[in-house]
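Structure, as structure tokens:
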Amino acid sequence: MSLPQVSSLDTARSISQSLDDNIAGNGTASGGMQLRNEFLQMMVAQLQNQDPTNPLDGSQYVTQLAQFSMVEGVEQLKVLQQKSIAMMDTQQVLQSTDLIGRDVMVPTASLKQGAEKAIRGQIELGGAADQVELKVFDQHGTLVATRNWGESKAGGIDYDLPVLPAGEYSFEVKASLAGSKVQSKHYVSSTVDRVTLPGTGDIMLEVAGVGEVPLFSAIQFGKSA
């Protein structure tokens, strides 16, 4: 009774699966060495299990070698890509540290001020509006400032509020068009105190009076006030 043959298609599939497992496991040169050993073992198994009355064509080995070279090249590209991504992440973190002490405009519905100062912010409209209103309340719920705009296009509306004493403030934005609500986002400018890189990999900014916010949620960067 003859032993079953191992086809070149099965070899290619096995090599591809081994590649994915190696990259997922460590993505290093040791993964490539393991893959090469597995490929050679499979070729030996093919020779041992071939049907003596119908031996494998030498062209099949050439095809398999070409498949292996292609898969090995893909593995090397994946490893290089992973290293490139790691270097880019490191570069982003290093560049982000330059933001410490600078003002950034970040999304928030509240702001805690440690000293008397003016407030600068922005309202981003998701669509055109014929009425836009901003209300600012202190920690006791007392209305301390208001701003109103008439007809406004979709996009950002910058504003500046007068100097307010130290304390915690909340912001309420109402935007409408012909009585229907228009979606909006509210941003406030404050100073970056710290840059961190949590386990999630996202670069986070510790913004004074706001807390931690993702770097890429900021819409404006400027000099420290």
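The values are calculated or read from the model by the stated rules, or taken from the named source; none is laboratory data. Since the model is a prediction, treat every value here as computed from it, not as a measurement. Note that each Cβ is placed from the backbone with ideal geometry, even for glycine, and that neighbours are counted across all protein chains shown. Calculation scope for accessible area: heavy atoms of the full protein, side chains included, ligands and nucleic acids excluded. Shrake-Rupley method; radii C 1.70, N 1.55, O 1.52, S 1.80 Å.
At a glance:
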| item | result |
| --- | --- |
| Gyration tensor verdict on segment 149-225 (Cα atoms; rounded if a/c is under 1.5, prolate if a/b is larger than b/c, oblate otherwise) | prolate |
| Potential extension, Lys181-Arg194 segment - 0.36 nm per residue separation minus Cα distance | 1.0 nm |
| Stretch gain in nm, segment Asn54-Gln131, where the contour uses 0.36 nm per residue and the Cα spacing is subtracted | 19.3 nm |
| Per-residue SASA entry for Ser170, accessible area with 1.4 Å probe, Å² rounded to 10 | 40 |
| Amide H within-cut-off set for Ala128, under 5 Å, with H built and near neighbours excluded | Ala154 |
| Low-density loop positions, trypsin sites (Lys or Arg not before Pro), segment 140-176 - DSSP coil, at most 14 other Cβ in 10 Å | Lys153 |
| Given Lys112/Lys135; Lys112/Lys181; Lys117/Lys153, the pairs whose alpha carbons are separated by over 20 Å | Lys112/Lys181; Lys117/Lys153 |
| Placed amide H near Ile157: partners under 5 Å, 5+ positions off or other chain | Ile123, Glu124, Leu125 |
| Rounded to the nearest 20 debye, dipole of segment 129-225 from Cβ charges on Lys, Arg, Asp, Glu | 200 |
| Inter-probe distance in nm under a simple model that places probes 7 Å from Cα toward Cβ, at Val163 and Gln81 | 5.6 |
